[in-house]
Each structure stands twice: as C-alpha cells, then as structure tokens.
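Just below is one structure, and these are the notes that go with it.
The values are calculated or read from the model by the stated rules, or taken from the named source; none is laboratory data. A quick note: this is a predicted structure, and the numbers were derived from the prediction, not measured. Every residue, glycine as well, gets a Cβ built from its backbone with ideal geometry; the counts of neighbours run over all protein chains shown. Side chains included, ligands, DNA and RNA excluded: accessible areas come from the protein's heavy atoms. Shrake-Rupley method; radii C 1.70, N 1.55, O 1.52, S 1.80 Å.
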Amino acid sequence: MGMHRQYVPLDSTKGGKSSAAVLVVAMIGSVAILVVSVFLGVKLAQMQGMEPPPPPAPLPPPPVNITITSKIQMALLFLESQKSGKLPPGYPVTWRNDSGLQDGRDQNRDLRGGYYIGGSNIKYHFPMAYTVTMLCWALLEYESVFRLVNMHNEMAELIDWGVQYIQRTRYQDLIFAQVGTPEIDEVCWIRPEDMKPAQRPTMFPCDIAHPCSDLAGEYAAALAAASLTFRVGNPSYADELLQSAAEIFEYADQYRGKYSDWVEAAQMEYNSTGYGDELMWGATWLYFASGDEKYLDYVIGPNSYIFETNQWGPGTKTFDWDNKAPGVQVLMTRLLMLGYGAGNEAQIPQYLQTYLNAAKLYVCQHTPHWLHANFTDSGGLIYVSDDHPIQYAVNAGFLSVLVSDYLRIAINANVSSHYLDCDATIDDIVDFAASQVNYILGDNPQKMSYMVGFGDNYPTRVHHRAASITSRHVDPTRFDCATGQKFKRSKYPNPNVLVGAIVGGPGRDDSYLDDRTIPQQSEPLLYVNAVFAGLLASLGAFRSGNSPGNSLTRMWAQIPWAKKYAESLEELIPKPYPSPPKPPVSPPPWRTPPPKAPKFPPKRNGPSPPPPYVNPPPPSPPPPSPPPPRPVKKHTAPAPPLFYKGQGKYQTPGADLPTAPAVHTPPVKEVPATLTPVKEGAGSGSAAPVGGAAGGSAADPSGLPAGNPNVFP
C-alpha cells in the first residue's frame, strides 16, 4: 500500500472501456480490504487489553517565511497560551479555554486572570511581575522593531493583562503571593480548565507583620515600568499605575523581609534569596517613570553598598527572576552613557561609577575573550545551571545587546566611559547575543530548535499540563488527578503543539532528552519567552556605524534633563524610516473595570494583623516644579579613538523585518534559520524595503503598520 502506481489513460478504441471497469472494481476491492483490516486490528488490540496508538496530530499548513517577525510572533504566542481567567475574544490558542474562574474565592477576592508561569497550574506572582517588567523594558527600548513587525499592540495587551492582575492581588495592606500550591499541583496532572477551587488555594498574604520586600519591590518595578510604557498613550492610566507603584515601594522599604519566609508554598519553586536587589530594582524603575530624584538618590546612595548591587561577586554574575542586581547595573549605566555628570566627571557619585564597572564586567564574562566564561562543552551556549539553562543565555544576551547600544550612545554623546574592561568590542557583544539565539533555534550539536514549532526538529513532549492533554474542545471529559498522570507518563507527543515555547534546554554536554517528566530540560517558562522576544527585537534593530538600535528618548520621557539631551542626540542619528503620524489618544479598549472591594475582609490564619499602615490618601497637592536640568557641558576636544572596527556580523537590518500575517500554527519542515550576516553599509539602504514590507497604503505613506493610539502614538 506504500507504493504509488502510475495509471496511463487508455485509448477508447482499443478496449479502454472494459479496462477502466476492471480498474474501478480493483480499487473498490482494495478499499474494502483496508477497512476490514483496520477493523480487525482495533478489535484484536481491544481483546489483548491494549489501546491503539492515538492518531497523529493534523499537519499545519505550510509555513510562511521564517523571519524575525514570525519568531517574535511565536515567542509571544506562548505567553498567550499561559493566560488564566476569562479569555478575551479572538483568543488565538484554540485548544485552551477559560480557567481559574474561582481563583481567590477562598479569600473573598477576585483573583481571576494573570498567567501560569510554566507547565504547572500555579500562578506565582513574584516571577509573573518580573515578566511584566521585562516586557515593558523590551518594548520601551526597541519600540521601533515591535512596530515594524506589527506586534507592539500585542506586547501592550500582554503587559496590561499582567498589570491588571497585579492590581487585583493587592488589598489595602495585603499582597497575595500566589494561587495554588506545588504539593497539590505535583500530584494533579490535569488541564487548568479542570481544576477545582479546592485545588487552588490562595496563599497566605503579606502584610506588616509578614513583610515581603522582594515581592512588593518587583510589583513596584512592574507597575512603574508599565506606567512609563503607557505614559504617552494614556497619561491618566499611567498616573494610576505610578501612584500604585510608589505606595507599594513605600511598604516594601518600610517593612522589610522575604516573602518566601512566610509563604512556604513558594519555597519549593520560587524561593527568594534576598530583597535588597528588588528594592533597588523598584527604585530604579520609579526614577525612570517619575523623574523624582529621591529614587535616584536611593539607588546611588548608601543603599548601593548595603544591598551590594554595585559589587562584582558571586551574587551578581547572573540576571534572573531572583537576582535583579545586573539589571540595576545596566539601567544605571544608561544614565552615565547619556552624559550624567558630563563636563564634571569628578562629581559622579562613586556608587554610580561602580555600577558602570560591574555592568561592563557582566558583559565581558559572556564573551570568548573572558577566560572563565562558562559554556556548554561543544555548542557555545552560556551555561550557569542545570535547571532551565537557556534562561541564563537569553538574559545575558538581552542585557549584552542593551549595553552595546548604551556604549554607542556614549560614543555619540562623547562620553569617555564607553570603553569595555576587556578585549571585546561592541560588535563582539552583539555577535555573542546572536550566537545564543542561533543555538536556541537549531545551530547546536543536536540540530534541534528549542523553540517549539520552529523548524522541523523541536521538542514534542513538553512538560506542560494543558499541552499534554487532549483539548476539551476535542474531548470534554473532565479528568481527575489520578487519571491525569497517564498523560504525564505517556510516550506519545503532546496532542497540542505549544507554539513558541522555549524549553529548559540541554545539559552541559549539549545533550537533550525529550521527556516531559524532566522539567529542568523540557519545561517552558513565562519570563524566558518575555526576555527572548526582547532579545529578538534587539538583534533586529537598525544599526549603522555608531547609531544605537534602541530608542534614546522613550526611557527618558519623565526625566527633563535627560529627555532634552537625548532628543538633541537623536536628531544626529540616522533613521531607517520616517516617524509615523500621531493618532488621537483614547482609553485602552482591552481594559476591564477595576475589581470591586470585597464585602468581607479576607480570611486569615492566626491572629489579625495590626491596623493598615496606609492612611487614606490626603488631597493631592499641586505638582512640584520640575528639578532644574542637570548641566551638560559639550566637549570641545576630539572624540577618543574607537576601540572596535567594522560592522557586527549579526547586525540584522530592517530588511529582515517584513510584516507577516499572524500565523499561530507551528511551521513544519523548515530548516532553522540563523541570523543572516550583513555586509558593511547594508543598513543604510534598508529604509525602502522595510517600509514596503511593513505594509503601507496611500493614506499612510510611511509604510508602517497602524499603531495603537493608546500606547505609542
């Protein structure tokens, strides 16, 4: 039956009619034999107590051209797959359904929404808030790329989905830390849609008596970053988020402690090692979002020494959901690279200078020039831990490209601190980040893409409950915890393709086991995909010579002296495309009304907490006058010689950014593509094809996709 026969049309004058009749009879007989064989085979399997193998998953349509556009689309689609609560109209993941609709009911709170962090059905609020912060950072820095690939609206909606949930988890002096427990979740392998309220307890909240400076500090960072993200499109919403961020930060700083000391259910998966870095992280984002100098003084003053965020040691060599110190260092480096203290560098605070030194060393340790760099045995993936190793490569790549762009800003600003403390050049930094992306997408010893759905060889047994169980749209049966274990142990591929998910990654020897019972290698994580989308955007940004690929002004919108100076610099930097027209401002269409306060206070274990520490807010005073702009003295001496030569090998121009239709099915039989090298000077000629590929019209001569009027006019 596996051979193909070729039938030649017969001449009707030479017995063609009789031969055709014989052929039809033979074909009917073959079909009948096939049906009988399948029927007898199924019956025989049932008689032997065996189930026939499941039918193969239907093949998706042929893939579109795999460019940075579709890679970013796929990375963000995984975040869509992780949504909890009442799913919005037009939800793209067809095999998911509403879930967690009773979350928070045991504490008389509405905790619907938010995200599941990984392959479990638990909503961990600490890494969820970190995800929101990183999405904001990526969008603020590389807005132009997300616009070109027509994904800036998608990013804004993903951010706002998390922000609204964060706001719901707060109630006066209480912050709920998570929904669900690993003790129950570990033995209950079922769809999130099938979870019962008793299986999703709301964890003990933080308050004055049980402080959680780390969780609250990350909340402050997320809300402040979101405030800056939505500032231009919806200033009233941004003001609301900024006020919430300031209130939470005040609580985090005044009542200090680790959330995992009180929330025992978090200790197994997301145990916090300290809160100092989150306090500095939150204050940093509050400074960028508000321009209030008190937050800058908090970060570059004595707290820098107390919390050791400016130190170069074992605690600052990795950037992840638990350690924000390198993130603080990089953001403070942005301040120096723009010219903070220019003309009078002797007055630069000591702690700010040490941030710069630590950030440079963080970048240097990930380049081949660093003697003690940790990589996999033969593949070149940065390797820090056996537990989800890809997350560290993605984080290092994103921060490295940011620092490279900050160094380019320094060159344009004629700031002498743009030299690295190792032999690496700016192009080496970008090349390192591109090598990590290429490894993840298939340029590795396994020749496997660690992004599900990309290429023709990717993990199929992903550690993910919803993806490993037949969708309720196909089989509405509600499985209990015991029955669900058979799906976890099944040797078959997941029936639902978790498009865009980036799994944990290989071992140090570059080996990978496609086994859903090994979560360290096969489980995807929400925040990894968030940073990966930013990394892809950073590598797809337009760069020509010393022009940075990120936005100079978006991050400085609330800091008067920095904004004015950044605008003057931006005029000198070549643009690959014209600025789009500014649409009118209107409220975000995706926002839902804020949750109503509960009729009764939440249930608690143990004695009642002290009275709330937050008094009713007094009437808002008139806004203070902005601080005087920091003096910026232009250098008259010639710029120091550049320490690098040539163009980076992986400086992908805008020509690799056509706007593709939104495709949410995994491509098949596509060879994983690496980022295409660009020849010297290629960026300058990419303006025309970028505009055309993005989809222009007569009404919009710029050729850019339509923007969201509520986010980025």
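Across region 147-161, coupling constants 3J(HN,Hα) worked out from phi with the 6.51/-1.76/1.60 Karplus curve, θ = phi - 60°, read 5, 4, 8, 6, 10, 5, 5, 4, 4, 4, 5, 5, 4, 5, 4 Hz, and Gly and Pro carry x. The stretch between Asp475 and Thr553, if pulled fully straight at 0.36 nm per residue, gains 23.0 nm over its current Cα-Cα span.
Sort 89-99, 466-476, 259-269, 285-295 for me by packing, meaning the mean count of neighbouring Cβ atoms within 10 Å per residue, highest on top.
285-295, 259-269, 466-476, 89-99
Pairs from the table (Lys258/Lys294; Lys258/Lys488; Lys86/Lys317; Lys71/Lys447) lying more than 29 angstrom apart at Cα are Lys258/Lys488; Lys86/Lys317. Simple spin-label estimate for Tyr91 and Ser490 gives 2.0 nm between the two label positions (7 Å along the Cα-to-Cβ direction from each Cα). FRET efficiency for Glu264 and Asp456, Cβ-Cβ distance as r, R0 = 35 Å, nearest 0.05? So the FRET efficiency works out to roughly 0.20. Here Val187 sits with roughly 90 square angstrom of accessible surface, probe radius 1.4 Å. The residues neighbouring Gly85, those whose beta-carbon lies less than 9 Å from its own, together hold a net charge of +1 under the Lys/Arg +1, Asp/Glu -1 convention.
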